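**Student:** Once you've had a glance at the structure underneath, I'll fire off some questions.
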Amino acid sequence: MASPITTDVLTAAKAIAAGQLCAIPTETVYGLAADATNPDAIARVFAAKGRPTDHPLIVHVEDLEAANQWFSQLPQWATKLATEIWPGPLTIVAKRTALALDVVTGGQDTVAVRVPSHPVAAKLLKQLSEIGIVGVVAPSANRFGHVSPTSADHVAKDLGEYLLAHQDLILDGGISEVGLESTIVLAIDDNPVILRPGAITQFDIEKITGLPVSISSENTPRVSGSLDSHYAPSAKVILVKANEIPNDLAAGYIGLGGVEIPSNVTVLLAAENIEDYATNLYRALRAGDQANLSTIYAVLPDGDDLAIAVRDRLTRAAH
Ligand code: TXA
Ligand code: MG
């Protein structure tokens, strides 16, 4: 099969406009994009991912003005938050307009919208908007339950066989710098609620809005990434303390550097700092599978910044 990978944004825009699928780079992870107003294309997104059809999707748009076509009401604090953070790794869930189809929202009266900052995604969304396409759905471009992709190559490995040859595309924009999915904030009340932790932290949101921010412990498929077991590689992920890493031959290590790693263990990631940890976490989980390791020992990072999101994903990968 001819490689579906391209770097040409216009070709990608034309494919999406024609109702085809195109994986796109974003600063968080790669998404599998389709015209958010085309139910047939959206049905193919669910099929390619193997994702349950009641799990809602995030609509990706060019800017806040475009987002407001999807939102029927946006609390003032959320407008402020969007103005400060967008384009960036933040998704806002708010009451929807009729533009948001039931297949996008899972039949809910809310819709999730985000403005990505990756320059290739931004250019694509601008070109699409110029030809009248007001948003693309883009769930992470992995098979359901698997690790999210942070490169075009990861997408090709996960979804290559589920894409249509000579039609669907993968737009290559290099490595996703943040490396973890966007922070999701529920904006239907007086106060923000974080549904999924990410690079935009509780502290960031409190600072910008001046409001107390709560973190949802709710665990329903409304946020599919909130299922206990998710973001999982084939290797068994075991959480350990830095001074308790077993010296197993078929094992890998994921954690911060500066730790004494037993000689038999393959180092998948010895991160320099928490940003580096987040950027490379999914790549490292995939590398463990690539190397046929049966176990990955991971040491959770401390801290209340990006470390919260890293702990969240690793805990789910270990479930
Ligand atoms: O960083 C990201 O957000 C990436 C990139 C590609 O933009 N996308 C992503 O999509 O992570 P996905 O589909 O893997 O995760 C989207 C999450 C899901 O867990 C979904 O349940 C939640 O957003 N979501 C979507 N609409 C929602 C809604 N109306 N209410 C609550 N959660 C919603
Ligand atoms: Mg996902």
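The values are calculated or read from the model by the stated rules, or taken from the named source; none is laboratory data. Values in this document were obtained by computation on a predicted structure and should not be read as measured data. Counting neighbours? That spans all protein chains shown, and the Cβs are built from the backbone with ideal geometry, glycine included. Remember, those area values only see protein heavy atoms, side chains included, never the ligands or the DNA or RNA. Shrake-Rupley method; radii C 1.70, N 1.55, O 1.52, S 1.80 Å.
**Student:** Roll a 1.4 Å probe over the protein chains and send me the accessible area per residue for region 103-184 in Å².
**Tutor:** Value for region 103-184: 35 Å² per residue.
**Student:** Now a separate question. Net charge near Ser182, counting Lys/Arg +1 and Asp/Glu -1 over other residues with Cβ under 10 Å of its Cβ?
**Tutor:** Local charge sum for Ser182: 0.
**Student:** While we're looking at this one, here's another question. On the principal axes of its Cα set, how long, how wide and how thick is region 236-317? Give whole Å, largest value first.
**Tutor:** 33, 24, 19
**Student:** To test your reading of the geometry: what angle, between 0 and 90 degrees and rounded to tens, separates the Cα axis of helix 274-290 from the longest principal axis of the chain?
**Tutor:** 80 degrees
**Student:** Using the heavy atoms of the protein chains and a 1.4 angstrom probe, tell me the accessible area per residue for region 236-317 in square angstrom.
**Tutor:** Value for region 236-317: 46 Å² per residue.
**Student:** Right, another one. If amide H atoms are built 1.01 Å from N in the plane of the peptide, which residues on other chains or at least 5 residues away come under 5 Å of the amide H of Ile215?
**Tutor:** It is Ile194, by chain and number.
**Student:** Now for a separate question. On a 0 to 90 degree scale, rounded to 10, what angle separates helix 76-85 from the longest Cα axis of the chain?
**Tutor:** Rounded to the nearest ten degrees, it is 60.
**Student:** If you don't mind, there's one more thing I want to ask. List the residues, sorted by chain then number, that are 5 or more residues from Ile5 or on another chain and whose placed amide H is less than 5 Å from its amide H.
**Tutor:** Under 5 Å from the amide H of Ile5: Ile170.
**Student:** Measuring from the lowest to the highest alpha carbon on each principal axis, how far does region 118-180 reach, largest first, in angstroms?
**Tutor:** 33, 29, 19
**Student:** Provide Rg over Rh for the chain; use the alpha carbon set for both Rg and the Kirkwood Rh (inverse mean inverse pair distance).
**Tutor:** 0.97
**Student:** In the chain, with Lys and Arg counted as +1 and Asp and Glu as -1 at Cβ, which of these residues, Leu64, Ala298, Ala317, has the Cα nearest the positive end of the dipole, that is, farthest along it?
**Tutor:** Value: Ala317.
**Student:** What is the chain's relative contact order, in percent, from Cα pairs under 8 angstrom and six or more apart in sequence?
**Tutor:** With pairs under 8 Å counted, the relative contact order is 20 percent.
**Student:** May I ask for the percentage of alpha-carbon pairs in region 17-126 that lie more than 23 Å from each other?
**Tutor:** Roughly 24 percent, once rounded to a whole number.
**Student:** What net charge is computed for the residues neighbouring Leu64, neighbours being all others with C-beta under 13 Å from the C-beta of Leu64, Lys and Arg scored +1, Asp and Glu -1?
**Tutor:** The answer is -2.
**Student:** Expressed as a whole percentage, what fraction of the accessible surface of the chain belongs to carbon and sulfur atoms when a 1.4 Å probe is rolled over the protein heavy atoms?
**Tutor:** Its accessible area is 50 percent carbon and sulfur atoms.
**Student:** Dipole magnitude of the chain about its Cα centre, charges +1 at Lys/Arg Cβ and -1 at Asp/Glu Cβ only, in debye to the nearest 20?
**Tutor:** Rounded to the nearest 20 debye, it is 560 debye.
**Student:** List every residue whose amide H lies under 5 Å from the amide H of Gly31, counting only residues 5 or more places away in sequence or on a different chain, with H placed 1.01 Å from N in the peptide plane.
**Tutor:** Those lying under 5 Å, H to H, from Gly31 are Ile24, Thr26, Ala141.
**Student:** Rounding to the nearest 10 and keeping the result within 0 to 90°, find how far the Cα-based axis of helix 39-49 lies from the longest principal axis of the chain.
**Tutor:** The angle comes out near 0 degrees.
**Student:** Per-residue HN-Hα couplings for region 302-315, Karplus 6.51 cos²θ - 1.76 cosθ + 1.60 at θ = phi - 60°, whole Hz, x for Gly and Pro?
**Tutor:** These are the phi-based 3J(HN,Hα) values: 8, x, 10, 9, 4, 4, 4, 5, 5, 5, 4, 5, 5, 5 Hz.
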